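What follows is a single structure, and I will ask about it in a moment.
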Amino acid sequence: MNKLNTHVVIIGAGPSGLLLGQLLGRQGIDTIILERVSGDYVLGRIRAGILEQGTVDMLREAGVSQRMEAEGEVHHGVDIANNGVVTHIDLHALTGGKTVMCYGQVEVTRDLMAARAEASWPTYYEVSDVQPQAVTSQQPTVTFSYKGARYQISCDYIAGCDGYHGVSRQTIPAEKRTEHERIYPFGWLGLLSDTPPVSAELIYCKHARGFALASRRSATRSRYYLQVPTDDKVENWSDDAFWAELKRRIPPAAAARLVTGKSIEKSIAPLRSFVCEPMQYGRLFLVGDAAHIVPPTGAKGLNLAVADVTILYRILCRVYQEGDTACALQYSEIALRRVWNTERFSWWMSNMLHDYGATEVSGMAGHTFGRFMTSELDYYLSSEAGRTLIAEQYVGLPFETIKGSESK
Ligand code: APR
Ligand code: PHB
C-alpha cells in the first residue's frame, strides 16, 4: 500500500473539487484531488454557463478569471416571455448594479484544470475504488486504486465533490441521512449549434406547447432547450423538428430572427430537485452535486456548488490559520440555508414556466395547477417588486458571513 498524506482530500475534479483545491492551495492548504475519469472526459460534459456575481468574485479570488474576463459576456438583464409577451428583467437596475456572466461551465473547469496543472498540485485522474475511511475519527483516510496500485492518503478532512453519483454521500450511513427529492414530469431537450443566438441575453419562454429557453455560448454559438415528456427520446427529434418547435415557442420577433443550422450536440436531461441533509458527517463534507441537485430553470447548479465551496473554503481557512477547528461544525447548517433558498427559487421558476398538461401536481389537475402558476408569473412580472425578487435571486444573494465558533 502506497502511503500519502495531505491536509484535505478532494474527491472529484469537477468545478467544485477544482475550485476548492485552487482556493485552498493559494492559502497554503494542501490538497490531493482524486478523479474517476480522465480530464478530457470531464471537459466533454455540456453544462450551463450563467455565473452569479458571487461566482465571478470567487473565480477572481481563485486567480482563474483572466479568460472569463476576456471572453465571457456580462449580461445586464434577462427576458421572460409568457405565451409570446416578453417582460425584460433589468438585473442591473433592479439589484443596484449586479449582473451575471455568460461563460460556459466547461470553460470554468478548463481554466481551473490549467491553474492546478500550473501549480503542480497532486491530481490523480482515472482512479478507482475510492473509499473514505474513519471519517468520524480525528485521522480520516482515503484509499484508492491507481494504475494497478493501491494507495492510502492520511488527511485532516475529506471534501466529497464527487457529484450525485459519487461515493461520498453514500459514506454517510443511511440512518444518518435525510434525502429530499422532487422529480419533475418533464425533461429538457438541449441543442448546441454554431449559429448566431436569437438574443444578446437569455429568453425564458413559458408557452402552452411547453417551455423553451434561448441561451448562448458566444456571438456565434447558441444553446437552446425545449421541454419534452420524460419518456421522449432524442432520436425522435431531427434538427428540423427541433427548430420548427422552437420557433413556435419563442416570441414571434425572436422566431423571425432565428438562424437555424446543424446541431453539434443534442441530448435530453431529466429535471429534479434533490437535497441530502446533513451535508457533513465527521470530517467528511458534501459539496456541490454530491449534496444537491437543482432543476436548470434557475441556472443555479454551478452557482450553488460555488457557494458550498466558498463556505467550506472560508471555514477551513479559519481552521488552519486561526486554529478554530470547531468552526468546521458549522458547514452543513450554513450551506443548507443557501441550498434550500436556491432549491426553492429553482423549483418556483420551474413551476411557473413549464406546462404540466394533465399531470397531477400538488393534489390538483395539471391544467388547474397551470392556471395558478400563470397567474403567479403574471403577478411577479407585472410589478417592480416582483421583478426585483426574481432579479436578486437570479444574480445571487450575498454569501453568508462565517463567524468564528467562539462568536456563535
Ligand atoms: N471517485 C472519484 N471521482 C468521482 C467519483 C468517485 N467515486 N464519483 C464521481 N466522481 C467525479 C465525477 O467523474 C465528476 O468529474 O466527481 C466529479 C463530480 O463533478 P460534477 O458532477 O460536475 O459535480 P460538481 O463538481 O459539484 O459540479 C456541479 O456540475 O453537474 C454539474 O449541474 C451541475 O453545474 C453543476 C456542477
Ligand atoms: C445554458 O446556457 O445551458 C443555460 C442557461 C440558463 C439556464 C439553463 C441552462 O437556466
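How large are Rg and Dmax for the chain when calculated on the C-alpha trace, in angstrom?
Expressed in Å, the Cα Rg and Dmax of the chain come to 21.7, 65.
At 0.36 nm per residue, and after removing the present C-alpha to C-alpha distance, how many nm does the segment from Arg272 to Asp129 gain when stretched out fully?
Working it through step by step, the gained length comes to 48.7 nm.
Using Stokes-Einstein with the Kirkwood hydrodynamic radius over Cα pairs, what translational diffusion coefficient do you get for region 242-382 at 25 °C and a viscosity of 0.890 mPa s, in µm²/s rounded to a whole number?
So the translational diffusion coefficient is about 134 µm²/s.
Please give the FRET efficiency for Arg67 paired with Lys176, using the beta carbon to beta carbon distance and R0 = 41 Å, rounded to the nearest 0.05.
That gives a FRET efficiency of 0.50.
With r as the distance between the Cβ atoms of Ser375 and Leu397 and R0 = 25 Å, compute the FRET efficiency 1/(1 + (r/R0)^6) and round to 0.05.
Plugging the Cβ-Cβ distance into 1/(1 + (r/R0)^6) gives 0.45.
Given the convex hull over the Cα atoms of region 316-395, what projected area results after averaging over all orientations, in nm²?
Seen from a random direction, the Cα hull of region 316-395 projects 7.6 nm² on average.
How compact is region 169-323 by the rule of thumb for globular proteins, expressed as Cα Rg over 2.2 N^0.38 Å?
Normalised by 2.2 N^0.38 Å, the Cα Rg of region 169-323 equals 1.32.
If you line up the long axis of helix 384-395 against the longest principal axis of the chain, both from Cα atoms, how many degrees apart are they, to the nearest 10?
The two axes meet at around 40 degrees.
For region 37-92, what is the accessible area per residue in Å², given a 1.4 Å probe and the full set of protein chains?
Per residue, region 37-92 has 44 Å² of solvent-accessible surface.
Please work out how much length the chain gains when fully extended from Glu118 to Met364, using 0.36 nm per residue of separation minus the C-alpha to C-alpha distance, in nm with one decimal.
Once the chain is fully extended between Glu118 and Met364, it gains 83.0 nm.
Shifting gears a bit: Which residues does a label at Asp57 reach in region 276-293, if reach means a backbone N under 14 Å from a point 7 Å past the Cα toward the Cβ?
Within reach of a label on Asp57, which here means backbone N under 14 Å from a point 7 Å along Cα→Cβ, region 276-293 contributes nothing.
Moving to a separate point now. Highest mean first, how do 26-38, 122-134 rank when packing is the count of other Cβ atoms within 10 Å averaged over residues?
Averaged packing, sorted descending, gives the order 26-38, 122-134.
Helix 239-249 versus the longest principal axis of the chain: what angle, 0 to 90°, nearest 10, using Cα atoms?
Tilt of helix 239-249: around 70 degrees.
Here is a further query. Could you tell me what a quarter of the Cα convex hull surface of region 14-146 works out to, in nm² with one decimal place?
Taking the Cα atoms of region 14-146, their convex hull projects to 11.6 nm² on average.
When only alpha-carbon atoms count, how far does region 1-92 stretch along each of its three principal axes, as whole angstroms with the largest first?
Principal-axis extents of region 1-92 (Cα, largest first): 64, 27, 20 Å.
Here is a follow-up. For the chain, find the longest principal axis of its Cα atoms and tell me its angle to the long axis of helix 331-353, 0 to 90°, nearest 10.
Relative to the chain, helix 331-353 is tipped by roughly 20 degrees.
At 222 nm, what value in deg cm²/dmol follows for the chain if DSSP H runs of at least 4 each add -39500 (n - 2.57) and the sum is divided by all its residues, to the nearest 500?
-11000 deg cm²/dmol
Here's a follow-up. Find the accessible area per residue for region 248-298; the probe is 1.4 Å, ligands and nucleic acids are left out, and the unit is Å².
36 Å²
Which percent of the accessible heavy-atom area of the chain goes to carbon and sulfur, probe 1.4 angstrom?
Ligands and nucleic acids excluded, carbon and sulfur give 50 percent.
Next question. How large is ³J(HN,Hα), in whole Hz, for each residue of region 75-83 in order, when computed from phi with the Karplus curve 6.51 cos²θ - 1.76 cosθ + 1.60 and θ = phi - 60°, using x for Gly and Pro?
9, 8, x, 8, 9, 10, 9, 10, 6
Roughly how many Å² is the accessible area per residue of region 166-212, as a whole number, for a 1.4 Å probe?
For region 166-212, the per-residue accessible area is 38 Å².
The values are calculated or read from the model by the stated rules, or taken from the named source; none is laboratory data. Values in this document were obtained by computation on a predicted structure and should not be read as measured data. Cβ coordinates were reconstructed from backbone atoms using ideal geometry, including for glycine residues, and neighbour counts include every protein chain displayed. Calculation scope for accessible area: heavy atoms of the full protein, side chains included, ligands and nucleic acids excluded. Shrake-Rupley method; radii C 1.70, N 1.55, O 1.52, S 1.80 Å.
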